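Undergrad: Sharing a structure below in structure tokens format, with a few things to ask.
The values are calculated or read from the model by the stated rules, or taken from the named source; none is laboratory data. Note that this is a predicted model, so its numbers are computed, not measured. Cβ atoms come from the backbone with ideal geometry, glycine included; neighbour counts cover every protein chain shown.
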Amino acid sequence: MSGAQVGDASASAGAGSAGDVDATVKEPLDLIRLSLDERVFVKLRGERELRGKLHAYDQHLNMVLGDVEESVTTVETDEETFEEIIKTKKREIPFLFVRGDGVVLVAPPLRST
């Protein structure tokens, strides 16, 4: 992960209105760049979801997140009734490195207009 992306983000991270965001997003990674130092939602393979503060990323979507809440959802089948039982386990992680090849979706924080 290069520090260039972190440094570049400081110049345009102040974009506050939706019009400013539209003007500065020219390629997909721009949306992630604008989310630096903000809380993001990351969906991973294996029914894992993360919510945390984006500290750094690279072109492979490797990410460093802080103050992370991880949710892992599992589906089990009751052997007697054959009903599906959905279980969600949550845990708090202070700092986390996320390998980019497991990332399915990154959602930036909602911005008001």
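Undergrad: Tell me which residues, restricted to the range 60-111, are closer than 19 Å to residue 39 by Cα, of a type outside the set (A, V, I, L, M, F, W, C) and free of Cβ contacts under 8 Å to residues at least 40 places away in the same chain.
TA: 66, 67, 69, 70, 71, 90, 91, 92, 94, 99
Undergrad: Separate question: Which of the numbered conditions does residue 70 fail, given that it passes all the others? Conditions: (1) acidic (Asp, Glu); (2) at pLDDT 90 or above; (3) loosely packed, with under 15 Cβ neighbours inside 10 Å.
TA: Unmet condition: (3).
Undergrad: Hey, another quick one. In this structure, does residue 89 turn out to be under 21 Å from residue 29 (Cα atoms) and either of a type in the set (S, T, N, Q) or modelled with pLDDT of 95 or more (or both)?
TA: No: the conditions fail for residue 89.
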